[in-house]
Amino acid sequence: MPLATAERALLVERRHLTRDEALAVARLPLDELPSLVALAHKVRLEWCGPEVELESLINAKSGACPEDCAFCSQSVRFSTGVDVYPFLDLDEIVEAARATRAAGATQFCIVVAVRGPEERLLRRVIDAVDAVHAETGLEVACSLGLLTAEQAQRLAAAGVRRYNHNLEACRELFPTVCTTHSYDDRVETARIAKDAGMELCCGGILGMGETLEQRVDFAFELAELEPCEVPINLLDPRPGTPMDGRPTLSPREALQAIALYRLILPGAWLRLAGGRERVLGELQAMGLLAGANALIVGNYLTTTGRAAEDDHALLEALGMPVAEGPGEGRFIVDADGGHARPARRSIPVTST
Ligand code: SF4
């Protein structure tokens, strides 16, 4: 019954789910997972189409971050043995962007481990954005921590298309994850990025001790910000962090979460990010059949991903074309009640 209600809402009435409707779906036993996954896939195809968007990241400044996010091996407060280096040279960043292009990804995200960018760093990032645009033509996203409105406007003016700023956890759980900045600080930067004209990429990490209800609430909190893209990281506990030794989600719990997020965020790019290899294991393909329609290819910030050609082979096997560019996710239902479908182009799947 909860699945039938959700299906009617999303595919017939063309509306978003209420919290009660989503919770009713979330409370179904995991034995009903195949039906939930099937519905999430239908919703993804109907709202977003078959394309999968690929992005690569560069950790352009690693470690020594003053913040205390409990999942993060880049915090200076934990002994994790992570690489520590200052902002990379322009050449190294452009080289990584070329590799991104060669790997068939269309978006390149420059990430730095800081609370927020100071002036010198921001200037260097903007120089890097210019160089990547000039040398590769890739769309550039940035993830630089907390921003002021003025900083966001400068990034937007430099042509940064999308800004990543994850909320990481739901409001209720956030104070147990981070104490050096607040959940509201993060929400404010998400809004600042949007107000400056950048698309918002905003997600978090699942499996940090949240209840099923909190997991659903988190999806609704993200939905309030109307993000174009929602990265779903699955906690892969890092040695030396306070989360070290935590049990990971089971593959079935992770698939349930991905499918629920598709139902609650029907028009967003839902990107499988860090932890997918470890948590989903043999069921990685199922992630793309459970509503996800974007991947990070190559390595993550501090962990190694699988080879890009493996992901291309996976997409080919699934019959899912690679999106030609980071099309705009569409969150809002059209005024006439029809669902909004993003204008996306696709390119043939290639094994690089
Ligand atoms: S998640 Fe970001 S802000 Fe938090 S410690 Fe890691 S690098 Fe710093």
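The values are calculated or read from the model by the stated rules, or taken from the named source; none is laboratory data. Since this is a predicted model, take the numbers as computed values, not measurements. Ideal geometry is used to build each Cβ from the backbone, glycine not excepted, and the neighbour counts take in all protein chains shown. SASA here: full protein model, heavy atoms, side chains in, ligands and nucleic acids out. Shrake-Rupley method; radii C 1.70, N 1.55, O 1.52, S 1.80 Å.
Taking the dipole about the Cα centre of the range 1-113, with the C-beta of Lys and Arg at +1 and of Asp and Glu at -1, give me whichever of Leu33, Thr18, Phe78 is farthest to the positive side.
The listed residue farthest towards the positive side: Thr18.
Which net charge results for the neighbourhood of Asp244, defined as the other residues with beta-carbon distances under 15 angstrom from its beta-carbon, given Lys and Arg at +1 and Asp and Glu at -1?
Details: positive: Arg77, Arg238, Arg246, Arg278; negative: Asp68, Asp236.
So the surrounding residues net to +2.
Within 10 Å, at most 14 other Cβ atoms, and a DSSP state outside H, G, I, E, B define an exposed site. Report the longest part of the chain free of exposed GluC sites (Glu not before Pro). Don't skip to the answer; put the middle values down first.
Values: sites that count: Glu13, Glu118, Glu324.
Between exposed loop sites, the widest span is 119-323.
Divide, for the chain, the radius of gyration over alpha carbons by 2.2 N^0.38 Å, where N is the residue count.
For the chain, the normalised Cα radius of gyration comes out at 0.93.
Could you tell me which of rounded, prolate or oblate describes the range 1-40, using a ≥ b ≥ c as the square roots of the eigenvalues of the alpha-carbon gyration tensor, with rounded for a/c under 1.5 and, failing that, prolate when a/b is larger than b/c and oblate otherwise?
oblate
Under 10 Å from the Cβ of Leu234, count the other residues' Cβ atoms, weight Lys and Arg +1, Asp and Glu -1, and hand me the total.
-1
With the full set of protein chains in place, find how many percent of the accessible area of the range 198-292 is carbon and sulfur; take the probe as 1.4 Å.
C and S atoms contribute 52 percent here.
In whole percent, and with a 1.4 Å probe on the protein chains, what portion of the accessible area of the range 1-117 is carbon and sulfur?
Details: 2690 of 4880 Å².
Here it works out to 55 percent.
With bins 10 Å wide starting at 0, give me the P(r) of the range 1-135 over every alpha carbon pair, in whole percents.
Going out from 0 Å in 10 Å bins, the range 1-135 shows 10, 25, 19, 22, 21, 2 percent.
What accessible area per residue comes out for the range 72-130, rounded to a whole number of Å², with a 1.4 Å probe?
Per residue, the range 72-130 has an accessible area of 49 Å².
Taking a ≥ b ≥ c as the square roots of the Cα gyration tensor eigenvalues, with a/c under 1.5 meaning rounded and otherwise prolate when a/b beats b/c, else oblate, which class fits the range 166-324? Walk me through the numbers on the way to the answer.
Working: a/c = 1.61, a/b = 1.23, b/c = 1.32.
Note, shape of the range 166-324 comes out oblate.
Compute the signed sum of charges (Lys and Arg +1, Asp and Glu -1) over the other residues within less than 10 Å, Cβ to Cβ, of Arg262.
Neighbour charge sum, excluding Arg262 itself: +2.
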